[in-house]
Each structure stands twice: as structure tokens, then as C-alpha cells.
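Below: one structure, written as C-alpha cells.
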Amino acid sequence: MSKQTKNILISISISFAFLLISEGLNYLRKSNPELLLEVLTNNDVISINEKVEGLKILYNNKDLRESNEKLIILNIKIENIGNKGINESDYYSKVPFGFELKNAKIIKSPKLIKTSNTFLDDNIDLFLKNDNQIHISKIPLEVNDFFIIKIEAIIKNNIDPNLNPIGYINGAKNGIKVISSYQSQGKSTYTRSWLESIFYYFGIFVFLTIICLILINFINNSKSQRPIDKSFRNDLIKKLKQKHTIDLPDNIYNLIINTYLETGDDFLYYLNHDAFNNPTTLKIIISRINNGEPINELLNFKHGEEEALSQLLIILLESNLLSDVETDIKISVELRNEINKLEGLIRATGESLLEK
């Protein structure tokens, strides 16, 4: 398994674990009931936008237009939107459960028009009290259980109904909430569909995975780029000698190893430099070495590798390991392969030590 693949799998695992833990904590944190009173609709029974001379709207022989009032129909939804069911014992026993319309007069007994299940259909009782209060039987409500009540009331023109809850639910930390979703374009108690939830959590998962991958790569790069001291290089060479055999002459092998121990990774770069791969460049460098001329401007040495590389080329010359090829000089393929092999093993052994 490649290092990059391993990093991807680690990132995916961390992201998945984070999502599970966060959702689990969120579930535990929200493990309580939450009752919502939602005014779904507020409709005028008769809507007249212009003044009509002589028009009367009578209710019980009272002209509503003359008293600046109107007849409205409210649909009110009561729902347990929490994460825990409500039992009969959760209702505070010393006060009734229901709601009141502080600025309106209810003119008819409320009507149950919709429920989430047949149990609620059969067991909910509604009571009209004092023409502005509705009391509701203290019935168990499981999570997402709801029922909708229809109310007819008289209210002043240009005034919205003021709905106040009555009662207390044990465990409902925020009390009984009231909202008027008819006043907004969309429903205030918006709940994601299962498809939207999939995209939502998938997006978070991908985002977390990318962040984890960036952090892991940053950490790995920081480790690989940290200064490597001589003791580390000594450990590296010991491990390399224990596990691998390189078919190079001792003087070449020892020169490469000793120069690496003294100067570090920069020397490995020069081992694979164009000087060893381009016969024409190699000939120029050797000519300069033989004439005592510097080669630093050709290779941009940093830590004294010039001397070691010059020594390496001189050894190759003296050992007849360089051959003329059409007036150019070339290192034998076998020797070039062994030098490359040694360079690769030094790098690979160093990376394996850094990962520990």
C-alpha cells in the first residue's frame, strides 16, 4: 500500500469517526422533549379590500365592520419536535395544558382536523374555556407526533393573533415554543428530506476528509523536511548495510557513504545529476578537473560536495570505469545502475526511519 493511499484511508477513517462521535453527542445533548405550537394559517372568512357603502358583516347581530373587527380561521399545529417522547406524567399536574388567544375571541369550539396517528385521533379532547382559552387533554406524544386544530375567532383588523401556551412539560428546556409560520415564505420548522440529509452529511464528510488529508500531508512533509543530523545518517547507513548489498568497488562505495554522512541529502542529488548521465557534460567536468579548474558553477554545490564528486570521477578514471564513446566519456551502465541503486536505498531507508 502506497503512502498516499494510506494517508487517504486514515483521513477517511478520522472523518467518519468524527461524524459518528459528533452526531452521537448531538443525540445525547438533545435527548429531551420539545413541544411546538405553530400557527399554520391565519385566513379571513370574508376579505373585502375596498370600502363598500352600506355593507355590513353581521355576527350575532353585531356589525364587525362597524367595530373594526374581522372573523378569522386559524389552523394551529401542536408537535413534539424534540428527541424524546412526552408521557402523561411529564405534564405539570397543577395547571391545564393548552393555549390562549390574548387578543381574540374564540366563537366556536375548536375542531381536530388532522393527526399523525389514529391513537391521537381517538384520544385527544379539546375544551373551550373563557372564550379565549383552549385546553387540551394531557395525551402522550411520541417524537414527531402532531395534531392540527381549527379555530374560528374574532379579532381587530390589522392585528395578528397573539398565541400564548398554557402548561409545562417536564424536560422541555426551552418551554413550549410558539411560531407563526404563515408569516414567512417557507415553513419555519424546516426539516431536511432524506436526500438532502445524504448530500449534507456527504458534503461534511468530504470536507473533513480533505482537511485531514491536507493536515497529514503537511505533518509528513514537515517531518521529511526537518534537519537530519549526522547521528541519524549513521543509523541509516547501519541499517542499509545490514539489509542490502551493493556491487560497487570499495573505494567508490566508501566515498559515497562517507560524503553522504558528512554533507547529507544534497550529495544524493549530485549522484543523479546530469554530470553522470550526459557524456558531453561529463567530459567537460573531467577536463576541468584534470586542468585544476573549478566545476562549482556547473553544478551549484552547497556543502563542499564538489571535492567529493571530483574525487569520485577521478576514482572512476583511475579505475578505468569510464570509457570513451565517440569522443565523449560515459560511465558503464552496470556502474551507473549500482550508483542509482545505492542512492535509492539511502533515500528509502531514510524515509522508513522518518516514519517511525
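The values are calculated or read from the model by the stated rules, or taken from the named source; none is laboratory data. Keep in mind it's a predicted model, so treat the numbers as computed, not measured. Virtual Cβ from ideal backbone geometry, glycine too; neighbours counted across all protein chains shown.
Taking the options Phe147, Phe127, name whichever one is surrounded by 13 or more Cβ atoms within 10 Å (Cβ to Cβ) and touching a helix residue (DSSP H, G or I) at 6+ places or on another chain (Cβ under 8 Å).
The conditions single out Phe147.
For region 158-171, name all the residues that are in contact with a Phe, Trp or Tyr (Cβ under 9 Å, 6 or more places away or on another chain) and assigned to a loop (DSSP other than H, G, I, E, B).
Selection gives Gly167, Tyr168, Asn170.
Among Ile139, Ile148, Ile155, which is within 45 Å of the chain's Cα centre (by Cα), β-branched (Val, Ile, Thr) and in a strand (DSSP E or B)?
Ile148
In this structure, does Ile134 turn out to be in a strand (DSSP E or B), assigned by TED's automatic domain parsing to the domain that holds Ser67, over 45 Å from the mean Cα position of the chain (by Cα) and within 18 Å of Ile73 (Cα to Cα)?
It is true that Ile134 is in a strand (DSSP E or B), assigned by TED's automatic domain parsing to the domain that holds Ser67, over 45 Å from the mean Cα position of the chain (by Cα) and within 18 Å of Ile73 (Cα to Cα).
Of the conditions (1) within 12 Å of Ile346 (Cα to Cα); (2) of a type in the set (A, V, I, L, M, F, W, C); (3) modelled with pLDDT of 75 or more, Val206 fails just one. Which one is it?
Checking Val206 against (1) within 12 Å of Ile346 (Cα to Cα); (2) of a type in the set (A, V, I, L, M, F, W, C); (3) modelled with pLDDT of 75 or more, the one that fails is (1).
Give me a count of the residues in region 10-29 that are closer than 18 Å to Asn80 by Cα and either modelled with pLDDT of 75 or more or aliphatic (A, V, I, L, M) (or both).
Residues flagged as closer than 18 Å to Asn80 by Cα and either modelled with pLDDT of 75 or more or aliphatic (A, V, I, L, M) (or both) within region 10-29 amount to 1.
Out of Asn32, Asn60, Asn7, I need the residue that is in contact with a Gly (Cβ under 7 Å, 6 or more places away or on another chain), at pLDDT 65 or above and of a type outside the set (Phe, Trp, Tyr). Which one?
Asn32
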